[in-house]
Amino acid sequence: GDSVTQMEGPVTLSEEAFLTINCTYTATGYPSLFWYVQYPGEGLQLLLKATKADDKGSNKGFEATYRKETTSFHLEKGSVQVSDSAVYFCALRLSGGSNYKLTFGKGTLLTVNP
Amino acid sequence: DAGVTQSPTHLIKTRGQQVTLRCSPKSGHDTVSWYQQALGQGPQFIFQYYEEEERQRGNFPDRFSGHQYPNYSSELNVNALLLGDSALYLCASSWGRTGSSYEQYFGPGTRLTVT
């Protein structure tokens, strides 16, 4: 079945460090890919998305590129801030008329220290 | 512009009881999805409602049922609660037409504890 695999956390970085969170997927179709962020005590917020191969999603300094050849959608940020501390989820949604659900990875906890 | 709202925020129930969780979608959205997020895990899709009907369901038993009202708000009902049903229940809303811009907006969730 369809699945998303994220790097194990937690990830602890110092402020202004470079961030990479790996995400790979398995899908029977051609998915759209998403990164969601969950701050403590809150629901999920869409961070960025990409809907076709080689698309780059970007938002708030975060970027991820849809790599069909490696079935990956790694999240990167050049300089993290303390306020970026949260849990990050990679997700996919298959294209097609009857596919509406999001399939999530287990999440990666990021802690940024001042 | 109000986002997705859910009630209650927290709930404690006993095994065997029944529970109803509620969700109001973001303004302009007509579709509601429900997810279960166990501690330390990613959300798992329960089902989605559109035009007052369930149009896709995940791998959850029939104890989990739902409803959507004409104003697009939705309820999630869980019967015969088990300890394993303890989780954060997330509601997400979206616009019903699929396409490359399809996005789901999540509420803050309802934390259910079954004792």
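The values are calculated or read from the model by the stated rules, or taken from the named source; none is laboratory data. What you see is a predicted model, and the numbers here were worked out from it, not measured in a lab. The area values use the complete protein model at the heavy-atom level, side chains included, leaving out ligands, DNA and RNA. Shrake-Rupley method; radii C 1.70, N 1.55, O 1.52, S 1.80 Å.
Note on chain B: semi-axes of the ellipsoid equivalent to its C-alpha gyration tensor, largest first and rounded to whole Å, are 23, 14, 13.
Applying the Kirkwood pairwise sum to the alpha-carbon positions of the protein assembly as shown produces a hydrodynamic radius of 18.1 angstrom. Starting from a Cα-only point model with no solvent, please compute log10 I(q)/I(0) by Debye for the stretch A:1-96 at q = 0.11, 0.16 1/Å. Treating every Cα as an identical point scatterer, log10 I(q)/I(0) equals -0.30, -0.64.
Got the relative contact order for chain A handy, in percent, Cα pairs under 8 Å and 6 or more residues apart? This gives 36 percent for chain A. In the stretch A:40-114, the alpha-carbon atoms span a convex hull of 111 Å³ per residue.
Within the straight-line cut-off of under 16 Å between alpha carbons, the lysines reachable from A:LYS77 are A:LYS49, A:LYS56, A:LYS60, sequence neighbours fewer than 8 places apart in one chain being disregarded. Taking the alpha-carbon distance from B:LYS13 and a cut-off under 16 Å, which aspartates and glutamates remain once sequence neighbours fewer than 8 residues away in the same chain are dropped? Here the aspartates and glutamates satisfying the reach criterion relative to B:LYS13 are B:ASP85.
Heavy atoms of chains A and B lose about 1700 Å² of accessible surface on contact, summed over both sides with a 1.4 Å probe. Remark: relative contact order (chain B) = 36 percent; criterion is Cα-Cα distance under 8 angstrom and separation of 6 or more residues.
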